[in-house]
Each structure stands twice: as structure tokens, then as C-alpha cells.
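Scroll down for the structure; my scribbles are underneath it.
The values are calculated or read from the model by the stated rules, or taken from the named source; none is laboratory data. The structure presented is a predicted model; accordingly, all values stated were derived computationally and were not measured. Ideal geometry is used to build each Cβ from the backbone, glycine not excepted, and the neighbour counts take in all protein chains shown. Heads up: the accessible areas ignore ligands, DNA and RNA and are worked out on the full protein's heavy atoms, side chains in. Shrake-Rupley method; radii C 1.70, N 1.55, O 1.52, S 1.80 Å.
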2 protein chains.
Amino acid sequence: MDLRKLRYFLTVAEERNLGRAATLLHISQPPLTRQIHQLEQELGVQLFNRTPKGMELTEAGTLLAQEARNIFSLVQQASEKTQRASQGRLGRLDIAVFGSGVLDTIPRLLLRFKQDYPEVKVVLHTMEKEEQIQALRQHRITVGFNRMLKPLPDLTSELVNRERLLLAVNENSPLATQSVIKFRELADYPMVLFSSSSRPNFVDKVMSLCYAAGFTPEITQEVGDVVTGVSLVASGFGVCLVSKSASSLSLPGVVYREISDLPENATIDLSCVFRSGDDSRLLTSFLETLRNFKREEMIGEVE
Amino acid sequence: MDLRKLRYFLTVAEERNLGRAATLLHISQPPLTRQIHQLEQELGVQLFNRTPKGMELTEAGTLLAQEARNIFSLVQQASEKTQRASQGRLGRLDIAVFGSGVLDTIPRLLLRFKQDYPEVKVVLHTMEKEEQIQALRQHRITVGFNRMLKPLPDLTSELVNRERLLLAVNENSPLATQSVIKFRELADYPMVLFSSSSRPNFVDKVMSLCYAAGFTPEITQEVGDVVTGVSLVASGFGVCLVSKSASSLSLPGVVYREISDLPENATIDLSCVFRSGDDSRLLTSFLETLRNFKREEMIGEVE
DNA sequence: GTTTCTCCATACCTTTTCTGCATGAAGACA
DNA sequence: TGTCTTCATGCAGAAAAGGTATGGAGAAAC
């Protein structure tokens, strides 16, 4: 059974007349007769009763006509969906985020993407950096978000934004009342820091800043993620250096303070990683939204 | 886009290799290549990335493959359903019953038909006799049930069963306590009867029985249907002659009694009517069940 | 009752489309 | 570099679909 035969059948079923149906189909009547006969023979079912008045549907024919309409509707949809998918406007995009990366920037970006491409289903996976790299290579995800990725040949990373460090301090700490905080002063306060296993680059960055400022920080507790870190600050474990976007995380007893003399390079980069040479249309769409988003964010910061 | 191309596409999509797919499809590789190209061109969408390892689905291709599977499943179902419909095992059968005909016999028959042909959807319509005739001629129904139809050239009627008359009497009436009731005795009791507009044949039959017995009945009330008639008996309006199947209608205060000397022809026929020469498979199926049903009912009565 | 008209079916030929064989081009792998 | 695998292309043959002419059967009109 072929779609042409089915189309012919449906037209005859609706016209109840071979001649008119043939005209509508832009063919002559005899081949149409043959195609209908063939369809009946293929199915082993009589679809029409031939009367002097025309072609009258049998019960089986009536049912097939309904089914045929469904089939054509599905075929039509399939064609349209395929075309939308080829334009990166329909489909499924698997994205990985790291534990605390879901704060601030990424949700706003994803919301923006959802507005731009409402038919794309975004599936979020929580993965740490190494897991993301593996998942990208295995095509389990298309995009990963993380911080400070070392360059890799098969993966391309693109900077999403660069945030200066902020200090999370307990509201009862003397630092909370100071109008200006210098980095050097942190030497006098215990510090909560990520464990070097979970965020080696971040730890290295903080440690090297401290060394440059001439002190070794007193680490009271190592934590695996920002939320835990900030909640320890709330409990009075010490101060904690976090990225600016983490300041959207407001816990009772915690305030965020800028450090006045932070060096230029004391920043945390949020990057977006994908397979080099991935020409997927969904990725292209996503990167387009990402670049628009960056442009608008920069304008926002300048203002 | 025709089903052949779609089948080819799906096979290639599943094999991810033109050569293997061609083997499975029992064609050689070059035509398959061309068909895939044509499909891509028709849709204006690249469905595969050609790699030295084989054919790799694009996002659009992945989506089309899913849709294609749905389409084939629907086509398969359509074919099977059509064949079942041609055997009278699937479809919709519109049946008309008269007001009180839904009592006893017809429900049992319909239940039996539902067991024999579970995939046939029976739609019941309540219509009086003349309405049924019109509906049959307009093909709005396929079968009608009614009582005592006069012969018509374009409609065939088949006897379903023949029921003797029963007398519905109020439990307080002297007749209720009598062991034997003779027809002649009805002359002394007021009677509830159908109006001659709703059941002319039934009224004629009762009146002629009374005349033959030598009396004219005192009609206290004319009613349109059995249920009303029997409820008037319950209220003490008089006695009412009903068909045996109506006795399944039990109302408080009403008992049913046989009449000992009822003539042979004092019967009510339940007939089934359909268009003469209707060769619909559903009707054939229905009549087959009906005849089996009649056979079993007769055996039941003999026992 | 015959004619005419309207349908669908069949015969025969033409045209299009698909298929197979042979072969080419390009990247992977040893 | 040679070989292997994979997809792409040219050309001829086969199959399927389409067109024209015509037949046959029933309904409607005269």
C-alpha cells in the first residue's frame, strides 16, 4: 500500500465518482480505476460497491477512508516537524550544569532560550566538570556549563560571563560593618573554601591570590558546593569567597561584600562547552541565543 | 513523499549504512542512495551526515525516523482494521428499538452480539415504527426492531420471537387471586390500552379478541407505551394486556397472570427489519447472531 | 421500447520512474 | 602507500503508472 494509492482512494471515496476524482487528481479515469482495483486486491477487501450512480463506499471502505485521513495528517505533520527540526526550532537539547551553576545566569539564559525556541525541549543534567567532558564525548549531552575549563582539542569552550569575586560574611562579623574591605584583611579571618577535588581551579585561584597578598588562609572547612559554603558562613564558620552570581543566594545571617583592591584577574569565568565541529542546528540555535544574551548582559553592565 | 521512500529511509536510519540497508530491502545500494537523496531534496532537509563510517542521522533525521515508525504503525493498523471491517467484525452498527422494546429479548440479543463481535460498536436509537422505516430508507440505521410490521417491498422483516399476551392486574383486584382467568371475564374489568395512534396493530388485535369473545372493553385510559400502561395498572386504573416480555417490568402492586383460553393467534410478534438486499457485512454478522439466538431461545422454550 | 446518457471496466500504447551493474571518489587503517 | 570501506554517479533495462480509444451495463428520457 502506497501513499499515492491511498490518496487516490480517498479522493474517490470523497467524490463517490471515478471521473470527478480523476479530474481532481489530474489524471485520466482508467488508471484511477486500475489503482483502486489494485488497492482492493492488495487488501483483499472490497472498498466500493459499483453502482450506476457511482462508487459507493462499503463499511470497510468507510473505515479505511477515516484511517487514510489520519495517515495523511500524520505524514503532513512529520514533514513539517522535520523541517522545523532542521532549522533548530524543534527537538531535544541536553544541557549539563554544575551544582551551583543553576544560580542566576544560567536560569536566565535558559529562560531566554525557551522564549526564542519554545518547541525545543531542554533537558537539564547536573554534572561536575569531568563528567560533562565524558558526557559530551559520548554525545549524551550537547552543551555543558562549567567554570575555568582547560583547553581541549575536541571540545570548544565559549566564555559566557566573567564575574568578580565577592566575599560572603556573617552579619555579626566586624567585616560586615566595614565600608571598605581590603584583600589583605582576610588574613585575620578563618575561611571556608571549596575542596580541591571539587573545584581545583577555583581553589588554586584563591590560594594564589592569598599568597600574592602575603598570607596563608586559615581554612576551617572544605565544602563541595557554594550553597554549603554560604550556609557555613551563616553558621559562623568564617568568610567565603564566591562568584558574584552566588550572591543571588540569600541566606539569613549572610551578607555579601565587595573587596576594594581585588586584582584584575581575580575573576571566575562561566563557560559553555560543546563538541568542536558539532554542526547540530539545535546547538547553533542555542549559541545564537547565548551570544545575544551576552551582548545584552554587557550593555546592562555598562549602564 | 511515499511509503517506499519512507521505508527505505527508516531502514537506512536503523542500519546507519547504505549497503546493509540495501541488502535488507532486497535492492542494490545505488538506487537506495538516490531515493534517500530524493527524500532529502523533497523535504529540503538534510537527514544524514555522510561519514566514512556510514550514514549518521541528523537531528531532523532522528525526528523523522520516529515519525516514520508512527506512520508505518498507523498504516499497518489501517490495513488490519479494514480487513476486520470487511469480515463484519469491526465497525459501527446503528440499531433502532421502540420505546418498550428495550425490555427482555432485545437486551439479551444485543449482549450476545456484543460477545460475538466485541469490536463492533452498537449505537441504539429509540424510534417508533414509522420513524424506523424512514431512518432505514435514509441509511441512518441498519436494523430496526418493532412489532407487527406490514410487508414493504424495500424492507425485509424477520421474526425474532412470538409472545403470548399476559394480563397485568393490580394485586388488590379479584383477578389477582384467581388461579384460572378466562378471557371472557375481562368484560367485567376496566382496561388500560395503547392509543391507536402509537400501536394501531396491537390495539386492533386486542379489540378483535374482545369482539370475538363477545364484549366491548371499557377503556379507562389510553397510553403511549407499556411502562405507562403498567404503572396505571399499579394505580388501579384497570387491567392491561401486555406481551410476555413486558412482565420483566416489575412494579409494586402489579402482578402478571396468564389467560387460560387465549386463542392461538393472540400473540405479539417482535420483528427485526432491514433493507432488502443490504449486503453489509455487519448486518450479515448481526443476522447470524440473531438466528443463533432464536434457535437457542426455541430450544429453551421446549425444555 | 428504444435511445441516450452516465458510469465504470478493459485493451493497447507511451511515458515516467525505479532498479541493477559497473565504476568513481573520499576518508580510514594498516 | 595501498587497501578497505563507504557513499555517489552514469547508463541501460525493467517495471509501474499514465493516456487514448472503446466497450458494457444500468438509469433516465422520449
Most to least accessible of A:ILE27, A:ILE181 (protein chains only, probe 1.4 Å): A:ILE27, A:ILE181
Mind checking the mean number of beta-carbon atoms from other chains within 10 Å of the Cβ atoms in B:72-79? 5
Can you tell me, using C-alpha contacts under 8 Å and at least 6 residues apart, the relative contact order of region A:163-267 as a whole percent? 48 percent
For chain B, with a Gaussian network of springs between Cα atoms less than 10 Å apart, report the residue from B:GLU42, B:GLU130, B:GLU185 with the top mean-square fluctuation. B:GLU42
Using the Cα centre as the reference, give the magnitude of the dipole from point charges on the C-beta atoms of region A:3-86 (Lys, Arg: +1; Asp, Glu: -1; all else neutral), rounded to the nearest 20 debye. 260 debye
Pop a pseudo-label 7 angstrom from the Cα along the beta-carbon direction at both B:SER73 and A:SER276 and give the gap in nm to one decimal. 4.2 nm
Applied in sequence order to region B:87-96, the curve 6.51 cos²θ - 1.76 cosθ + 1.60 (Karplus, θ = phi - 60°) yields integer Hz couplings, x standing for Gly and Pro, of 8, x, 10, 9, x, 10, 10, 8, 10, 9
Taking the label point as lying 7 angstrom from Cα along the Cα-to-Cβ axis, what are the distances from A:PRO263 to the corresponding position in the remaining copies, in ascending order and in nanometres? 12.4
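Given the protein assembly as shown, what percent of its DSSP beta bridges are antiparallel, to the nearest 5?
Numbers: 50 of 80 bridges.
Percentage antiparallel, nearest 5: 60.
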If you build a Gaussian network model of chain A, linking Cα atoms that sit under 10 Å apart, which residue out of A:GLU15, A:GLU80, A:GLU131 swings the most? A:GLU15
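Let me confirm one metric for peptide A:82-90, namely the mean number of other chain beta-carbon atoms within 10 Å of its residues' beta-carbons.
Per residue, the number of nearby Cβ atoms from other chains is 6 on average.
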Under the Karplus relation 6.51 cos²θ - 1.76 cosθ + 1.60, θ = phi - 60°, what is the ordered set of whole-Hz ³J(HN,Hα) values for region B:258-265, x standing for Gly and Pro? 7, 10, 5, 10, 5, x, 3, 8
Provide an ascending nm list, one decimal, of label-point separations from A:HIS139 to the equivalent residue in each further copy; define each label point as 7 Å from Cα along Cα→Cβ. 5.3
Nearest 100 Å², what total accessible surface is buried between chain B and chain A (probe 1.4 Å)? 2500 Å²
Considering amide H positions built from the backbone, and no H for Pro or chain starts, which residues 5 or more places from B:ASN161, or on another chain, come under 5 Å of its amide H? B:LEU270
Which cross-chain or sequence-distant (5 or more) residues have an amide H under 5 Å from the amide H of B:PHE194, H modelled 1.01 Å from N in plane? B:VAL223
Largest fluctuation, A:VAL122, A:VAL242, A:VAL75 only, Gaussian network model of chain A with Cα springs under 10 angstrom, belongs to A:VAL75
Given a Förster distance of 45 Å, report the FRET efficiency between A:ILE299 and A:SER179 from their Cβ-Cβ distance, rounded to the nearest 0.05. 0.95
Do any residues of region B:19-47 lose at least 40 Å² of accessible area when the full set of protein chains is present rather than just their chain alone, and if so which, with a 1.4 Å probe? B:LEU43, B:VAL45
Inter-probe distance in nm under a simple model that places probes 7 Å from Cα toward Cβ, at B:ALA234 and B:ARG140: 3.2 nm
Summarise the partner chain shielding of A:61-70 as one whole number: the mean count of Cβ atoms from other chains within 10 Å of each residue's Cβ. 5
Over region B:3-86, calculate the relative contact order: mean separation of alpha carbon pairs under 8 Å at least 6 apart, over the residue count, as a percent. 28 percent
Potential extension, B:SER260-B:PHE215 segment - 0.36 nm per residue separation minus Cα distance: 14.5 nm
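In deg cm²/dmol and to the nearest 500, what is the mean residue ellipticity at 222 nm of the protein assembly as shown if only DSSP H runs of at least 4 residues count, each as -39500 (n - 2.57), divided by the residue total? Don't jump to the answer; show the numbers that get you there.
Numbers: 20 runs with 266 residues, N = 606.
One gets -14000 deg cm²/dmol as the mean residue ellipticity at 222 nm.
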If each of B:ASN49 and A:ARG112 carries a label point 7 Å out from its Cα toward its Cβ, how far apart are those two points in nm? 2.6 nm
Under the Karplus relation with 6.51, -1.76 and 1.60 and θ = phi - 60°, whole-Hz ³J(HN,Hα) for region A:231-246, x at Gly and Pro, equal 6, 6, 4, 4, 7, x, 6, x, 9, 8, 7, 9, 7, 4, 5, 5
In this structure, the FRET efficiency calculated for B:LEU124 and B:LEU251 from their beta-carbon separation, with R0 = 22 Å, to the nearest 0.05, is 0.40
How high is the relative contact order of chain B, given as a whole-number percent (alpha carbon pairs under 8 Å, six or more residues apart)? 21 percent
What does the copy distance list look like for B:ARG92, label position 7 Å along Cα→Cβ, in nm and ordered from shortest? 3.6
What is the distance in Å between the Cα centres of region A:27-70 and region A:209-276? 75 Å
Against the longest alpha carbon principal axis of chain A, how many degrees, from 0 to 90 and to the nearest 10, is the axis of helix A:59-86 turned? 40 degrees
Would you tell me the accessible area of B:GLU296, worked out with a 1.4 angstrom probe on the heavy atoms of the protein chains, in Å² to the nearest 10? 100 Å²
With 0.36 nm assigned to each residue of separation and the Cα-Cα distance removed, A:GLU80 to A:ASP188 gains 32.4 nm
With all protein chains present, region B:3-86 has a carbon and sulfur share of its accessible area (1.4 Å probe) in percent of 47 percent
Check B:ASN49: other-chain or 5+ apart residues with amide H under 5 Å from its amide H, H built from backbone geometry? B:GLU56, B:LEU57, B:THR58
Compute the FRET efficiency between B:LEU24 and B:LYS150 as 1/(1 + (r/R0)^6), taking r as their Cβ-Cβ distance and R0 = 45 Å, and round to the nearest 0.05. 0.10
